[in-house]
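Nothing in this text is a laboratory measurement; each read-out follows from the coordinates by a stated rule. Predicted, not measured: the structure shown is a model, and the values here were computed from it. FYI the Cβ positions are ideal-geometry reconstructions off the backbone, even for glycines, and counts take in every protein chain you see.
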Amino acid sequence: MKQVIRTDRLRVGGPYSVAWRAGDFLFVSGRGPFDPSSGMVAGDTIEIQTRQTLANVEAALEAAGASLRDVVKVTGHTYGCIALFAHE
């Protein structure tokens with residue numbers, strides 16, 4: 001059975017949920033670098049945005065009674081960073 005996880009600590013737009021639980025598994029998705037109070041991207045550096053993304057993931061996990069220590073796998077996507085790794 002699937003259970004939708006909700007929390008007031010994060011802003012969720014559209015048809016998305018903070019997370020969902022299926023049996024013993026918890027799935028958290030789409031927690032980008034958005035400041036929950038403003039809905040805007042936090043900061044202007046990859047470091048600040050990464051910290052915000054992890055804080056958002058942590059809030060979603062906590063809403064489900066879990067923590068970052070319970071995470072088994074993470075898949076991260078970066079957009080617009082190709083230029084940082086390009087060689088001329």
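Across bins of 10 angstrom width beginning at 0, how are the C-alpha pair distances of the chain distributed, in whole percent?
15, 45, 28, 9, 2, 0
Taking neighbour Cβ counts within 10 Å as the exposure measure, how do S38, S17 sort from fewest upward?
S38, S17
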